[in-house]
Amino acid sequence: MSAQLETSQQLSDLLKQHRKATDEQGVVDVATRKRRLQTAIDVLVDHQQALCAAMDADFGGRHQGFSLMNDILGSLGSLKHARDNLEQWLGSEQRQVFSPYDQMGSQAWVQYKPKGTVGIIGTWNAPIFTLFSPLASALSAGNRAVLKPSEVAPETARVLAKAIAECFDPMDVAVITGGVEMGQAFAGMPFDHLVFTGSTEVGKKIMRAAADNLVPVTLELGGKSPVIISETADIAEAARRLAIAKGMNGGQLCISPDLIYLPVAARDEFLQAFCATYSALYPTIENNPDFTAVINDQHLARVVGYVAQAQEEGAEVIYCPDVPMPTTGRKRPLSIVINPALLADIMQEEIFGPALVLLTYSDIKHVVQEINSGGRPLALYYFGQDEAEQNYVLDHTLSGGVTLNDALMHAAMEDAPFGGVGASGMGHYHGRDGFLQFSHARTVFRGAPVDPRGEWGMLPPFSEHFTAAMASQVTR
Ligand code: NAD
């Protein structure tokens, strides 16, 4: 069988073969894990140009340098970190045996076992990263994997499927392409673990489908990542860093700043500095190769619709850079929507494109309350120099991750978990935390050579002495 699958029947057959091989194989040694990780690295290194060209074609304009940084190097970072560190993660861990069995010679340890085969469903916005970064964790834990790229980036899916079929044994890693129907069939397969990256709404469907086979899920979802700018922040520097972050991938990142909460008095300084940076990065938009286009007409209409609705309802909108609105292609200046109505779509839905909401505030506690009234965000950002206030924000909010005095950065940490909580998902990957996510932690207890429970009067028929001995141990 090729590593490139075309039908759900082929996928089902492959999973049966995987299961048989997993049961027969026993230990998945370090060399096997490293070989699989190295093959994934080789796929990306050898096909980097074709993959970047495919992403450029799918977006209708995405710079090769950005695709190299975001998707190729982002994935290589996870794969190499796993390859170079997995030996420290694998070993069984001795655990403390309870009394009195510890003194009788019993032993216990935890084994980190591969679960089997991990299914990975990716998105279009980071079409390589959302497959290969979880793949690094899945392979480090000794699993096999099947990837399902997004049909919204079809050229990338095609090039990737071909590259994987050329380089991988399907018993290690395979790919299946297809649309929503294939995604539905995929989510209903008896994987040993399923990773889904995508929207919160589809995430719920995935979890329902996985439940039929009791397949554990890691859900890497989205949401409205808020930014809190303190009165104590360096406003111009915060604006500069946020403009850089918001411009990345045309705002189509899961952790892209979505809502910015700003002290009323800082509004003009912030807008001036933000637009100055954004316009310096992207002085033109329509034909600017550095700027990533919106992926398709449907998503463009969605983002433009959010802005138009907010504007009709009275919100102020500033465009950045201040250039004529393009009439062709799918690159648009950033729309900064200031203080829209709370129920406007742009306040309810993840923006995921070239628009941003600015909300002015006078009491940071109200900001925290407002954030807590919505779903738990994937990322939260705080800019400020007041440690007590920073701790207040950290203590009173819950999000997948946090970056302080910058944006996006926590997600690039290979040596720390990346994932959401509540509406933004469950589970995580990266580094040892990802290794643990895709391993089964199995406790093994080895009985003592002698068993004195009978001599100690601990077995039926129970005596009064036994009951009194048990009762004496019920302590606070
Ligand atoms: P999406 O939910 O529309 O699709 C994601 C994947 O699910 C695609 O491969 C698609 O084919 C498949 N799919 C769609 N409907 C399905 C169904 N009913 N059953 C099974 N599979 C189905 O998401 P998208 O538009 O590709 O990506 C954007 C979303 O992903 C945003 O919300 C963004 O925040 C989120 N995202 C999250 C992360 C993260 O790491 N947490 C990373 C990137 C993107």
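The values are calculated or read from the model by the stated rules, or taken from the named source; none is laboratory data. These figures come from a predicted structure and were not determined experimentally. Glycine gets a Cβ as well: all are built from the backbone with ideal geometry, and neighbour counts include every protein chain shown. When the accessible area is computed, the model is the full protein with side chains, heavy atoms only, and any ligands, DNA or RNA have been set aside. Shrake-Rupley method; radii C 1.70, N 1.55, O 1.52, S 1.80 Å.
Here are the numbers for this structure:
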read-out	value
Cα centroid of segment 360-438 to Cα centroid of segment 271-311, whole Å	25 Å
Proximal charge balance of V173 [Cβ under 10 Å; K/R count +1, D/E count -1]	0
Debye, to nearest 20: dipole size of segment 226-419, +1 on Lys, Arg Cβ, -1 on Asp, Glu Cβ	520 debye
Backbone HN-Hα couplings from phi across segment 451-464 [Karplus 6.51/-1.76/1.60, Hz, Gly and Pro as x]	10, x, 4, x, 4, 7, x, 9, 10, x, x, 6, 9, 5
Charge sum, other residues only, whose C-beta stays under 12 Å from F383's C-beta, Lys/Arg counted +1 and Asp/Glu -1	-4
Over the chain: helical MRE at 222 nm, DSSP H runs n ≥ 4 each giving -39500 (n - 2.57), nearest 500	-12500 deg cm²/dmol
Separation of alpha-carbon centers, segment 159-192 and segment 4-62, rounded to whole Å	8 Å
Order by protection proxy (mean Cβ within 10 Å, highest first), peptides 222-229, 357-364, 77-84, 272-279	222-229, 77-84, 272-279, 357-364
Inter-site label distance for M69 and H465 at 7 Å from Cα along Cβ, in nm	7.7 nm
Most to least accessible of S424, S92 (protein chains only, probe 1.4 Å)	S92, S424
30 Å Cα-Cα reach of K365 towards lysines, excluding residues that sit fewer than 8 places from it in its own chain	K224, K246
HN-Hα J in Hz across segment 93-107 - Karplus 6.51, -1.76, 1.60, θ = phi - 60°, x for Gly and Pro	10, 5, 10, 5, 7, 6, 6, x, 5, 4, 7, 8, x, 6, 9
At R0 = 41 Å, FRET efficiency that the Cβ-Cβ distance of L214 and D46 yields, to 0.05	0.60
Antiparallel content of DSSP bridges confined to the chain, in %, to 5	35 percent
Sequence-distant lysines (8 or more away, or on other chains) whose Cα lies within less than 26 Å of K162	K16, K20, K34, K80, K148
Share antiparallel - DSSP beta bridges, segment 226-419, percent rounded to 5	20 percent
Linear extension gain, Q298 paired with R453, 0.36 nm per residue minus alpha-carbon span	48.7 nm
